[in-house]
Amino acid sequence: VANQLLHMGYPDLALKTMQDLESRFHNEPEYWRVLFHTVFILRSDDALLLRAAARAYELNPDSIEWKFNYAAALLIGRRRPEQALALTRELLERESPTAGGLINYSIALCLNRRFDEASALLARVDPDRLSAPQLEAYTLARLELQYETGDWAGVRRSLAEVGNALLFPCQQRRLEEIRRAVSAAN
């Protein structure tokens, strides 16, 4: 039912439907898949996104989809940077590089303070060929890199391109932190 609600465009109702079912479906990958996608669409709870991705990955550790989603959830929440780096590197080595894979790996490199490598990787991505969600991730990756390397002019440009509407709460907090730092730098 939750999956149908999600496909019909009612992610809020899908999430309500799933809230009390975790104990019953704890070992069912499909439960975690639908929960992950629902929370991702809603962008309301980064902790729940990570929990869903982690559990799905535990149940399917060889799944490329769940390695990617788990790494993405780690990156969104800026958690376990070493693990996110290992997962994103493995995905790039296993599959032909995709824009999403390159972006995620560059974010992981940045979180691990490997800025030169992150910059080189982002330079390989053509922003004009990205979908809207990929462009958002690309802009956030570029912003993070610019901020961490002290490129204030770049930070200002990237901040102007990022909208809060599609971001998770932890990402919104990070943007506010960066905005405060830009104001202080002025």
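The values are calculated or read from the model by the stated rules, or taken from the named source; none is laboratory data. Because the structure is a prediction, the values reported are computed rather than measured. No Cβ is skipped: glycine too gets one built from the backbone with ideal geometry, and neighbour counts run over all protein chains shown. Protein only, heavy atoms only, side chains kept; ligands, DNA and RNA dropped before computing areas. Shrake-Rupley method; radii C 1.70, N 1.55, O 1.52, S 1.80 Å.
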Roll a 1.4 angstrom probe over the protein heavy atoms and tell me the percent of accessible area of the chain that is carbon or sulfur.
50 percent
If I model the range 17-66 as equal point scatterers sitting on the Cα atoms and use the Debye formula, what is log10 I(q)/I(0) at q = 0.18, 0.23, 0.28 Å⁻¹?
-0.50, -0.80, -1.13
What percent of all Cα-Cα pairs in the range 31-112 falls in each 5 Å bin, counting up from 0?
3, 18, 28, 24, 20, 6, 0
Please work out how much length the chain gains when fully extended from Ala123 to Trp152, using 0.36 nm per residue of separation minus the C-alpha to C-alpha distance, in nm with one decimal.
8.6 nm
May I ask you to order 59-70, 17-28, 32-43 by the average number of other C-beta atoms within 10 Å around their residues, highest value first?
32-43, 59-70, 17-28
Just how many % of Cα pairs in the range 143-186 lie over 12 Å apart, if you round to the nearest whole percent?
59 percent
Which entry in (i) 52, 35, 29; (ii) 59, 45, 31; (iii) 73, 61, 37 matches Cα extents along the principal axes in Å derived from the coordinates of this structure?
(i)
The range 15-43 versus the range 76-139: alpha-carbon centroid distance in Å
26 Å
In the range 104-156, which trypsin sites (Lys or Arg not before Pro) fall in coil by DSSP and have 16 or fewer other Cβ atoms within 10 Å?
Arg113, Arg114, Arg124
Calculated [θ] (222 nm, deg cm²/dmol) that DSSP helices of n ≥ 4 give over the chain, each run adding -39,500 (n - 2.57):
-23000 deg cm²/dmol
Toy charge model, Lys and Arg Cβ at +1, Asp and Glu Cβ at -1: the chain dipole around Cα centroid in debye, rounded to 20, equals 420 debye
Which value, in Å², gives the accessible area per residue of the range 95-170 when a 1.4 Å probe is used on the protein heavy atoms?
50 Å²
Give the accessible area for Asp116 in Å² (nearest 10); use a 1.4 Å probe, count only protein heavy atoms, and leave out ligands, DNA and RNA.
130 Å²
